């Protein structure tokens, strides 16, 4: 797996989770949210978010529509579909499993590995 | 699933691209505006706020780029663009494009056509439901000609009753049936079948029914089934035909069915008649029928063979030998089972020739591809600078490769499309005029598998001739080419190597094809030089007729009528002489054989020994003289001998040698055709007649007088005349025969030459194809050598100019170039000789009187190629000699 694939995958998962928690949101909102939650740990160019959104939409995990936001700006709002929700659940589960395994592995002492 | 959905979204989204672009821009603008606003709220200055927003977003253009790539399928887009470019570039060089397209169209078209033939004849299942389960029933019999034997009526009863593996089973044979009272009297092709044959084929009749067991039983009403073509031709497709009576072979029969249009059978029958065997009179003998069966589902041919072997034991025990025979003779014939797919029965041995032709045309296509690759190399040479500049500007190796390949594939597909058109036309012509020796001819057509083959072939050829220039030039070294050095120093030796290799390969392949056609020419010569047992076949006209019982009952009366007709025919203007016989030379290849036993008085059979089985012919005096068959010793029959039914016989030379070692010793010896018949004195020995075709050993013959205890009711006149084959002669012959014989049908009207040519049809067909292929290969090979030398000369113009200026002799310079061409050809010839020695083994079954490694053919072909190569390199080399040194130098 190429590095970009990993980053895109992670980013996609974050987008799904964000939309799951906050409901319909525009691109900038999603970017802000991810930035806040990850505490600037994930220093990505915000621009890279858009190809990810496109991919998710092509895959049918999210839909988009144009709407007016606060102060009457026209913006494109992204929304989670049922399939996207299922995907999020599945990926969250597999992420947890992976995390648990990695955690246990790092917690292991030298003698455990012998 | 997700990936698939995404793929289709991307595939279908290139139409809306301008609007999508707009949306993306709006969205990005919105994003940056929001960030700027937030930054302002955080207290930045207006300029700083926007700068930070842009920084945070990252490279806008790069984002758009990624976004675009993701939205659509960039590969497809470039592909389409490359194709457009390719077409545009090809249109700019019409001569080049036309040359390539024509070469490819011929190569691909020829291969597609022959694949269509092979597909229709060899690959596709027969036109019956579930045709894989259909088998032909044969027997191995070491003593029989070709080692295989057909079936006898007694086998019909045994196999029907005892088999465990057949779902349906029956016997059939084919022949003529005289139909009178419908239109002009005519002899039509009839198929005689027992109950079970049509059931096995499982083609339901269009009208009426199949034969039942009752139709087979002697004494029941006589019936007939029409095929679709005959029904249309003679009855105009009248649907009330069932139950109507027809007069066939002078007796009435009731029409009980009509077969559908799609029904096909061997020898293309017009009428189907029941074959009737009387259980009470059949014996082990009369192997005149072919067996056909539908195997029970799941039964293999091996299992069926085991079953047949078991039944042969039962058969041998169950039936008496023919009168006068010893049943030990049948045991010693060692009959064994030999079941084969019905397709093999139908297709016969035409497979080898077709595969050889396919291989041949495949080689031609290879040569064509090599040539096109060479043309592309020259073109790429011209584009080297351009490619190098593009590489320097950052075009990736893959990008350039793709572009070049797309251009070649486009050419390949265009050429292939033209080729399919050619193939379609060629097949139409073949079906309309094809030799009727080709089985399943009317089933030949272009179907999806043929089209798929053509497409595959086109892409493959495109890739084949595309990859060579790609490997040469796509990785062009930027520095070396851009340095401008190429203008003064010629192209590197490495570039020549690719072109030289291609030319050598072309020469090698051309040699293989020329050797193949050379071998076929030699075979044809050998066949032509066989003394066939007759002379000047172009001036011999065969006409068959018959005298049914209804017209003349007594044997002597029938014979008088034949003689009267013969005398009247001989009196026709332009007719030199006329002979009469039961069957004339080479009619065997139409499927008529009459092999019977013959016994010699002084060669008593050992117990269980199988008697000799020569071909029997019943002839009238003068037949040999008309045909041109030489009498070696003794004399012809006389009319007195015929009418007095004297016991005389004439035998062929090979039979006489086999029995008595010397034709002269045969005179006065006594033979008979049945163990119960009277002994006949041998009064003459005639030369061998190659009755089965020139490439087959001449069969042994026994000639007996045309009037014996029975008379020859169906016979052939052989008319020697310069007008043979003309409409006028045939009209007169018909009038003459009808003046004696009522209105009996004339049939099997052929000149002997037609049959003679037909006996060599396979050889001449293969010869013509190979000669065309060889000619094309030679031509392309010459063009290849010419091209290389001409190119080298043009590249070295400057060098030549300097040399001439320094005093080089033009003869010496000529030698340099000619030697180079000769070297190429020599390498190709060496390669080709090795390849030919291997590949021609595959066609050894098509050869006659010459081996696959015939030294003469190899030597002549090699010499021809070398001479032609010298010529092909001399012509362009001569151009170099007239170069003015000053011009060459200034040309820089």
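The values are calculated or read from the model by the stated rules, or taken from the named source; none is laboratory data. No experiment lies behind these values; they were computed from the predicted model shown. Heads up, the Cβs are rebuilt from the backbone with ideal geometry, glycines too, and the neighbour counts pull from every protein chain shown.
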Residue satisfying all of: in region B:654-708; assigned to a helix (DSSP H, G or I) and surrounded by fewer than 22 Cβ atoms within 10 Å (Cβ to Cβ); nearest to the chain's Cα centre (by Cα) among these | B:654
Name the residue, out of A:77, A:105, that is surrounded by 11 or more Cβ atoms within 10 Å (Cβ to Cβ) and either at pLDDT 85 or above or more than 9 Å from chain B (Cβ to nearest Cβ) (or both).
-> A:77
Test: residue in region A:59-72 that is over 28 Å from residue B:58 (Cα atoms), exposed (fewer than 13 other Cβ atoms within 10 Å of the Cβ), at pLDDT 85 or above and within 14 Å of another protein chain (Cβ to nearest Cβ) = no
So residue B:282 fits all but one of (1) more than 30 Å from residue B:248 (Cα to Cα); (2) in a loop (DSSP other than H, G, I, E, B); (3) touching a residue at least 40 places away in the same chain (Cβ under 8 Å); what number is the exception?
-> (1)
Is it true that some residue in region B:40-48 is assigned to a helix (DSSP H, G or I), surrounded by 13 or more Cβ atoms within 10 Å (Cβ to Cβ), modelled with pLDDT of 85 or more and more than 10 Å from every other protein chain (Cβ to nearest Cβ)?
-> yes
Out of all the residues in region B:741-748, is one or more out of contact with any strand residue (DSSP E or B) (no Cβ under 9 Å at 6 or more places or on another chain) and either under 30 Å from residue B:871 (Cα atoms) or buried (at least 17 other Cβ atoms within 10 Å of the Cβ) (or both)?
-> no
Residue B:127: passes all of (1) in a helix (DSSP H, G or I); (2) at pLDDT below 90 but (1)
In the list B:456, B:394, which residue meets the criterion of being assigned to a loop (DSSP other than H, G, I, E, B) and either modelled with pLDDT of 85 or more or at positive phi (or both)?
-> B:394
Any hit, region B:77-86, residues being out of contact with any strand residue (DSSP E or B) (no Cβ under 9 Å at 6 or more places or on another chain) and either at the interface with chain A (Cβ under 9 Å from one of its Cβ atoms) or outside any helix (DSSP H, G or I) (or both) | no
Determine whether region B:261-272 contains at least one residue that is more than 22 Å from residue B:592 (Cα to Cα) and surrounded by 13 or more Cβ atoms within 10 Å (Cβ to Cβ).
-> yes
Determine which member of the set B:517, B:545 is buried (at least 17 other Cβ atoms within 10 Å of the Cβ), touching a strand residue (DSSP E or B) at 6+ places or on another chain (Cβ under 8 Å) and either outside the structural domain of residue B:761 (by TED's automatic domain parsing) or not in a loop (DSSP other than H, G, I, E, B) (or both).
-> B:545
Over region B:640-653, the set of residues in a helix (DSSP H, G or I) and either buried (at least 17 other Cβ atoms within 10 Å of the Cβ) or in contact (Cβ under 8 Å) with a residue 40 or more places away in the chain (or both) is B:641, B:642, B:643, B:653
Unique residue being farther than 30 Å from residue B:317 by Cα and in contact with a strand residue (DSSP E or B) (Cβ under 9 Å, 6 or more places away or on another chain) when the list is B:177, B:183 | B:177
How about region B:251-264: which of its residues are part of a loop (DSSP other than H, G, I, E, B) and in contact with a strand residue (DSSP E or B) (Cβ under 7 Å, 6 or more places away or on another chain)?
-> B:259
So, in region B:315-336, of the ones that are within 18 Å of residue B:611 (Cβ to Cβ) and exposed (fewer than 15 other Cβ atoms within 10 Å of the Cβ), which residue ends up nearest to the chain's Cα centre (by Cα)?
-> B:334
Take region A:60-93 and flag every residue that is assigned to a strand (DSSP E or B) and touching a helix residue (DSSP H, G or I) at 6+ places or on another chain (Cβ under 8 Å).
-> A:62, A:63, A:64, A:74, A:75, A:76, A:78, A:79, A:80
Which is more than 24 Å from residue B:373 (Cα to Cα), surrounded by fewer than 17 Cβ atoms within 10 Å (Cβ to Cβ) and more than 14 Å from chain A (Cβ to nearest Cβ), of B:69, B:130?
-> B:130
